[in-house]
Each structure stands twice: as structure tokens, then as C-alpha cells.
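So the structure is just underneath, and the comments pick up after that.
The values are calculated or read from the model by the stated rules, or taken from the named source; none is laboratory data. What you see is a predicted model; the values in this text were computed from it and never measured. Virtual Cβ from ideal backbone geometry, glycine too; neighbours counted across all protein chains shown. Remember, those area values only see protein heavy atoms, side chains included, never the ligands or the DNA or RNA. Shrake-Rupley method; radii C 1.70, N 1.55, O 1.52, S 1.80 Å.
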Amino acid sequence: MAKKIGSIFSAVIVCVGQTSCGTYIPSQRDWPNGDARLVNDMNTALARTVVCELSYAVTIAIDNDRRLAKLRPDLKSYGTFLEDWGVEVATDLTVTEDSTIAPGFSWTPDKPISIATGVSASATATNENKYNVFYPLSALYLPNLFKQESDTRPCRHPQGKKEGSPLVDIDLKILPLLESRIQIVELGLAGDPKAQQVTGVKNVLTQTVSIKEKVSGDVTPKWEFTTRNVNPSGTFLSAGRERTHQLVFTFGPMTADKRQLTPLAEQFHLNEQLAAGLRASRDLR
């Protein structure tokens, strides 16, 4: 009987050791789409979505402001500052897989005597992909592609294929962020960033978008014999997979060469990444 129990344990441990979560570097995409080509397809689709949503938001915000300017008594546009602004986008794709095996064994040779024992082992593996890009808003303004009277994004996939990322082909809520900044200038609650010449003025907009998916499960078998119990209580095997796709957008004025955000806006971008967990504090020293 003892040999039979040992054989069961050996078979399970070998199986778990070769195939369980946490014992290898996980793919950014879920099974069975984990090969390198399909991961690259997901990254390409996510990059396309980011540019599409940014272009849509910038174009509609500027065109709406110009349209409303014709109806205002002063005929003034309040969103012209966007022409000198840029946006920096930080992307974080993180997958974590873990598994735990904790078998137990109890032996009761006589009623007054009971011996219980157990072992446990766990493994965790993480795969993180992070990258950062910068766009001048003037390059994202595409009035021939995005029309005011339409809510559709022509650059989205016609069949709605997301290629494995929950952030692909969804509204990232960038347009309300830009229009809110234009509106507070129009209402006089804030000055026009383009007209302010004071060094260090905090004209920065930031937004973080994050979707987390988590899947977990466990197996709890139990074998009972006359004087012995295998795994009498607790979880025998558990495994989980957690995937987070996160974007940090920072809009702000550009440096004179139009190739990056101003130092103050760049610092805001780094602080937002720190708050979102995209960077460790040592990166900001």
C-alpha cells in the first residue's frame, strides 16, 4: 500500500514539475496562442489602437473647438495650444503565473495515536514588457480620416479582432481629457497654456488606463484507507495566471526642438508611471 501511495505522489509531482504554471517564463498571450508570431501580432494591434485613439481624440478635439469658435461672440479658438503639445505613452504588459503543490498524509495506527505530515512547493514566473513612445500632437491631427459627425474609427479592425489584448479597439477616453482642458480655458478657470510665458507653469494632462485579468483554479483529491489518509484536508494543487495591460498617457508642452516633452511634463510622466507601478522608485533618482 505504501508503495502504491508513493507511486501516486511521484506521478503527480513529475507532471506538475514539467507543466505547471510558474515553472517557465509565461507567454504574453494565453494558450494556445503563445508563440512569438502571435505575440508580435498582439503588440502590433495594441500600437495601432493607441495611435488610432490618440489621432481620433486630437482631431475631434481640435475640429470641435474650431467649429464652436465660429459660434462664439469673440470667434476665438481655445484649443490652439494643442498645436505645440505632445504626448508620451508608457505601455506595460505583465503576465504572472504561479502554482503551489501541498500534499498531506496522516497515519492513525491506533486511536490514541495520530501522525500527520505534509510538504509544499510553489513556483512563480513573471514576464514584463515595457516601452515608451512620444508623438507630437500636430502629427496626430488627421482631419481627412476622422470626421466630426462620425463616432467610428476607420483604423480599427473591421471584424473587431483584438489579437489577445483587452485594450485593443476600445475607447481609451482620451477625447474627454483633451476637451476638459479646452473647456476650462474657455470658462476662464485656467489660462491659455499657449499665452503663458512663465517658466514652470504646470500645464500637463495625464491619464492611466489599466485592465487586469486573473484566472485561478485548484485540485483537491482525497484518498482514504483503513489507517491512512492522503491529502485529508487543504488544497493539493493550485495554479493561477494574472495578466495586466496598462497605458499611461501624458500630454504637455514640447521642448523647442519638438522631439520630447518639457522637463516638467516629463517628470509628471515619470511620476505617473511610479504611481501606476510601471517603474520602481530607483528609476526616478
Exercise for review: Output yes when any residue across the range 66-86 is in contact with an Asp or Glu (Cβ under 8 Å, 6 or more places away or on another chain), part of a strand (DSSP E or B) and either among the acidic types (Asp, Glu) or over 17 Å from Gln183 (Cβ atoms) (or both), and no when none is.
Suggested key: no
Check your understanding: Name the pairs: first residue in the range 35-53 and closer than 22 Å to Pro143 by Cβ, second residue part of a helix (DSSP H, G or I), Cβ to Cβ under 6 Å, at least 6 apart or on different chains?
Key -> Glu53/Ile174
**Study point:** Inter-residue pairs, beta-carbon under 6 Å, first without any contact (Cβ under 8 Å) to a residue 40 or more places away in the chain and in the range 57-78, second open to solvent by less than 30 Å² (accessible area, probe 1.4 Å) and among the charged types (D, E, K, R), 6+ apart
**Key:** Ser77/Asp65
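In this structure, is Val119 within 18 Å of Thr44 (Cα to Cα) and either modelled with pLDDT of 90 or more or open to solvent by 70 Å² or more (accessible area, probe 1.4 Å) (or both)?
no
Can you say whether Phe146 is under 21 Å from His245 (Cα atoms), touching a residue at least 60 places away in the same chain (Cβ under 8 Å) and surrounded by 13 or more Cβ atoms within 10 Å (Cβ to Cβ), as far as the supplied structure shows? Walk me through it before giving the result.
Values: under 21 Å from His245 (Cα atoms): no; touching a residue at least 60 places away in the same chain (Cβ under 8 Å): yes; surrounded by 13 or more Cβ atoms within 10 Å (Cβ to Cβ): yes.
The answer is no for Phe146.
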Study note, to complete from the structure: Filter the range 14-39 for residues that are modelled with pLDDT of 85 or more, within 15 Å of Pro166 (Cα to Cα) and of a type outside the set (A, V, I, L, M, F, W, C); the one that is least open to solvent (accessible area, probe 1.4 Å) is Gln28
